[in-house]
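Enquirer: Sharing a structure with you now.
The numbers here are math on the coordinates, done by the rules we state, and not lab data. Everything numeric in this text was worked out from a predicted model, so none of it was measured. Cβ sites come from the backbone with ideal geometry, for glycine too, and all protein chains shown count toward neighbours.
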Ligand SMILES: [Zn+2]
């Protein structure tokens, strides 16, 4: 199984390409001053975008089953990932960020929907 934890994984690259093609190139990657260092941020617009791998972040749409061996280990690990994601989201929102979480499967199956969500988010924000 391929890990999607690292930087520059391919679903994220697709999102970045969409953003550039839409005419919003000024994003920052893993910006340290935003809680949780989101994959993509527009600091001036207070927009944070996460591109989550379905396996590691336990996508609710895919509802992937747990690995059959070392199940307890994986369950604990995934619980921590999900908990961390939720905490980051809370922290960001309480600091006034608007957050969009994009799942790997959405990019693959419904890229037009994702593009629409990104466009809506960006068009409704003003750069500072
Ligand atoms: Zn998924």
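Enquirer: Determine, for each peptide in 83-92, 101-110, the mean count of other beta carbons within 10 angstrom over its residues, then list the peptides with the highest first. Don't jump to the answer; show the numbers that get you there.
Expert: Working: 83-92: 14.6, 101-110: 17.5.
Ranked by mean Cβ neighbours within 10 Å, highest first: 101-110, 83-92.
Enquirer: Could you tell me the ratio Rg/Rh of the stretch 10-123? Both radii from Cα atoms, Rh via Kirkwood.
Expert: Across the stretch 10-123, the Cα-based Rg/Rh ratio is 0.99.
Enquirer: Okay, next question. Provide the percentage of antiparallel DSSP beta bridges, counting only those with both residues in the chain; round to the nearest 5.
Expert: Around 45 percent of the beta bridges assigned by DSSP in the chain are antiparallel ones.
Enquirer: Now, a different point. Sort the following peptides by mean Cβ neighbour count (other Cβ atoms within 10 Å, averaged over residues), highest first: 16-28, 39-51.
Expert: 39-51, 16-28
Enquirer: Here's a follow-up. Distance in nm between label sites at residue 113 and residue 80, each 7 Å beyond Cα in the beta-carbon direction?
Expert: About 3.2 nm, to one decimal.
Enquirer: Once you place label points 7 Å from the Cα toward the Cβ at residue 29 and residue 123, how far apart are they in nm?
Expert: Computed distance between label sites residue 29 and residue 123 equals 2.8 nm.
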